[in-house]
Each structure stands twice: as structure tokens, then as C-alpha cells.
1. Using 1/(1 + (r/R0)^6) with R0 = 35 angstrom and r between the beta carbons of I205 and K126, what's the FRET efficiency to the nearest 0.05?
2. Report, in whole Å, the centroid distance computed from the Cα atoms of region 141-176 and region 214-277.
3. Arrange the peptides 155-166, 338-349, 281-292 so that the one whose residues have, on average, the most other Cβ atoms within 10 Å appears first.
4. Could you sort S239, S228, S14 by their accessible area in this structure, using a 1.4 Å probe and putting the largest first?
5. On full extension of the chain, what length is gained from K143 through L333, given 0.36 nm per residue of separation minus the C-alpha to C-alpha distance?
6. Which of the aspartates and glutamates could a cross-linker bridge to K214, judged by Cα under 13 Å and excluding same-chain residues fewer than eight apart?
7. Got a sec? What order do S197, S312, S318 fall in by accessible area at 1.4 Å, biggest, i.e. largest, first?
8. How much solvent-accessible surface does F31 expose, in Å² to the nearest 10, with a 1.4 Å probe and all protein chains in place?
Amino acid sequence: MKKDFYEILGVSKSADASAIKKAYRKKAIEFHPDKNPGDKVAEEKFKEAAEAYEVLGDPDKKAKYDQFGHQAFDGSGGFGGHHMNMDDIFSQFGDIFGGGFGGFGGGGSRGGVRRPKGSNLRIKVKLTLEEIANGVEKKVKVKRKVQAPGVSYKTCSTCNGQGQVMRVTNTILGRMQSATTCPSCGGSGQILDKKPSQADTQGMIVEDETVSIKIPAGVVDGMQLKVSNKGNDAPGSNSVPGDLIVAIEELEHEFLKREGENLHYDLYISFPEAILGVSKDIDAVNGKVRIKLEEGIQSGKILRLKGKGIPSINGYGSGDLLVHVNVWTPKTLNKEQKQFFEKNLEDENFSPSPEKSDKSFFEKVKDMFS
Ligand SMILES: [Zn+2]
């Protein structure tokens, strides 16, 4: 059970904005990590107060909370389940503290050495509809920054490898000591020792690497996949490489149109084929599919081939292939043909008599989306 936000800040439900801000400030100061170094309980309370203030300090969120309670922020609310980290709190409510409190060394957890992370690399991969339908493994060439052979790093003397230096500032609380990122090493606690001649000022070189990317079936144009640790490397013996971000681009298919997990195919048949009925082969994404068209099939009929579409990215089955039947009316006829049709102009067999079950085009479209 989540604690009541008003209880956390110690204010009544009728408290106004300035009272809420004041209450939060009091809690934030009381449990501030710089005043309670290493105290996990205080840190939790500090976070709890920030979470409460993020909602109660915002008129829209407060109104929602008053009406629905914690449920208002569960799930997609952008706030709900997530736990705020210290950097979030400082970036969001920094002004509450009147400045002077340091950030937390930029990257990771408070205190200690920050493990430098290399930057991410980005590439685009073009895929055919067939590749998307079946999943594919792609090999791509990337230019990665890596540490040069023979490079070495040593402990930074400015911060003694701590990655942070202490700073004393005057704040609303009086003199406060706060940690700030070491200006010499940027927080990694290490600086370059031996630099091979071909390396840059951080001891890095650029190398070509072939990376194999497994692309699951069902990806969508614009989707981004992450290949961990295949981005740029970072300097230092404790660094971790960035990631390779792969953006999916879907190539247009000659005959098939994609709509989510479903595929559409325009099938053109001749007048005699429509009258007599015929079997047709269709190139679907998983190979040929044979369909049988009934005698006297109408133009505009849509045949649904279950499961012949694109697999769901979540693995829940596949979409369908919708075959749109188009009867091609000939533009020219020879003499015999012309006579035949002229003879049949008034024939009852040729006069349209749609049955109630023959849905109009608009009804069919409506059905497809419902
Ligand atoms: Zn340093």
C-alpha cells in the first residue's frame, strides 16, 4: 500500500500551494543526502517527499490525485510505478534548494567513481517485407571508437580516483559541503597515462567492426533496436561501451501493402476467369499461396487468408493477408465477342442483382477495421 502523499509531506488536504511547497522544502532539507551521508532511510524519505511533491506541487496532478488517489498515476501516467532517482529530483526541483546543492557527478549513483560509458552509435537497416515477416540476421559494418592497443590509464591525482571533489557553499541551510564532478578526469577517476601515437587525446582510435544483428520478425518501420555494448568505447580501465542503436527502415514491396500486421494484395482477374472460377497463386511473404476463386466471383470481393500476414512482434500470432479481387473489363473486343455481348445486353443472366449478403464496398471496409 502506497503512503498518502499528504501524509508524507505532513500537510492537510486543504493546504494551499505555498504551504505544500514549504512543507516539501522542510522535508527535503531534513532528509537531504548531504546532511545524512550514507543514511539509506533518510535517502528513501527524501525520495518519497520528492515523489509526493511532484504530484501535489502540480495543480493538474494534484487534482487527479485528489479524485483518484494513487491509481491516477499507475501505468502509463509517466509517473506511476517509476522510482525517482537523485538526479531526477535535483533536475526537477533544484530551485527549491536555492542552488548550492551539488548534482551527483553526472551519470550514475551518488558517491564513488562513475564508470564512464561510451557514446551510442546509430545506424539504419533497410529490410524487405519478407525479411520483416520471417526475422533476419543482418551483418553491418560500424566504425567504433575503441581504446588503442598499448594505451594505459592511471589514477587521477586531483580526486585521488574518487571521481568527485568536495565543494563548500553557502546555502539556505548555512555552510554545506557537496560533491561535484572532478574537473580533471570528468568523474571517471582516471586520466591517460601512456598514449600510443595513433590515438587521440583520450587514447582512442576508430576501428571498423562487423556487428551481427538479430532482427525479430514483426518489426515496424521507425522502430529502434538496441545492441548492447556495440557503441563507442570510453577511455579508462573501468569504462563500459555505449550501445549500437539500430533504426528499422521498411522497404516498399512491389505488390503487398502493409497495414499493421495485415497485408493487402490487389488481385486482377479477367472477365472469363471471374465467370468460370479459377485458382490463382499469390506471392505471399512466406512463399506462394494458392487460392480458389468461386464461379461468378464479384469484383471488390475481399478474401481473407488467416495468418498469412506479418507476425506480431510480441509473438502473439500473425496478421492476415487480404486479397482484393478486381475483375478486369476488356477495353477492346473482336467482332465475334462484340456480337456476343450485344446479343446479351438485355439478357437476365447478365443484369446485376446484388443479394442482400453482397456487402457494399463501404460496409466491407468497415468490417475490416472492426
Ligand atoms: Zn579526477
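1. The computed FRET efficiency comes out at 0.75.
2. 41
3. Numbers: 155-166: 17.2, 338-349: 9.7, 281-292: 14.0.
Most protected by this proxy first, the peptides run 155-166, 281-292, 338-349.
4. Numbers: S239 20, S228 70, S14 100 Å².
Sorted by accessible area, descending: S14, S228, S239.
5. On the way: separation 190, 0.36 × 190 = 68.40 nm, distance 6.27 nm.
Taking K143 through L333 to full extension adds about 62.1 nm, to one decimal.
6. Within reach: E131, E137.
7. Descending order: S197, S318, S312.
8. 30
The values are calculated or read from the model by the stated rules, or taken from the named source; none is laboratory data. Since this is a predicted model, take the numbers as computed values, not measurements. Virtual Cβ from ideal backbone geometry, glycine too; neighbours counted across all protein chains shown. Just the protein is used for accessible areas: all its heavy atoms, side chains included, with ligands, DNA and RNA removed. Shrake-Rupley method; radii C 1.70, N 1.55, O 1.52, S 1.80 Å.
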